[in-house]
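Participant: I am attaching a structure below and will ask some questions about it afterwards.
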Amino acid sequence: MKPSIVDALPHHRCPLCGGPNACAPALSGRLDTPCWCKSVTFSPELLARVPKAMRGLSCLCQNCATQEVRPVEPGAD
């Protein structure tokens, strides 16, 4: 059975620090679950730090999402 468009992936770890990401949709299994991250804008520089294999699949934790963005090092993904 193919997952529905409202099904969230069960990724509970931040792809940057490895800590818990407190992703409410990942916990509930539904993308229509309210979450802190839906009211935040993530900069392209911050999202570029996420490893390519996890982009669009796992939420950042609130701590990483609000930290100062450092430049991405070449070959970091």
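The values are calculated or read from the model by the stated rules, or taken from the named source; none is laboratory data. Since the structure is predicted, the reported quantities are computational estimates derived from the model, not experimental observations. Cβ sites come from the backbone with ideal geometry, for glycine too, and all protein chains shown count toward neighbours.
Participant: Evaluate the following for residue 15: is it modelled with pLDDT under 85, assigned to a loop (DSSP other than H, G, I, E, B) and farther than 15 Å from residue 66 by Cβ?
Facilitator: Considered against the rule, which asks whether it is modelled with pLDDT under 85, assigned to a loop (DSSP other than H, G, I, E, B) and farther than 15 Å from residue 66 by Cβ, residue 15 comes out as no.
Participant: Tally time: how many residues in the stretch 22-38 are under 14 Å from residue 60 (Cβ atoms) and loosely packed, with under 11 Cβ neighbours inside 10 Å? Quick ask: steps written out before the conclusion?
Facilitator: Step one: of the stretch 22-38, the residues under 14 Å from residue 60 (Cβ atoms) are 22-26, 35-38.
Still in the running and loosely packed, with under 11 Cβ neighbours inside 10 Å: 38.
Adding up the residues that qualify gives 1.
Participant: Could you check how many residues of the stretch 26-47 are at negative phi and free of Cβ contacts under 8 Å to residues at least 24 places away in the same chain? Working first, answer last.
Facilitator: Taking the stretch 26-47 as the starting set, the residues that turn out to be at negative phi are 26-28, 30-47.
Next cut, free of Cβ contacts under 8 Å to residues at least 24 places away in the same chain only: 27-28, 34, 38-39, 41-42, 44, 46-47.
Number of matching residues: 10.
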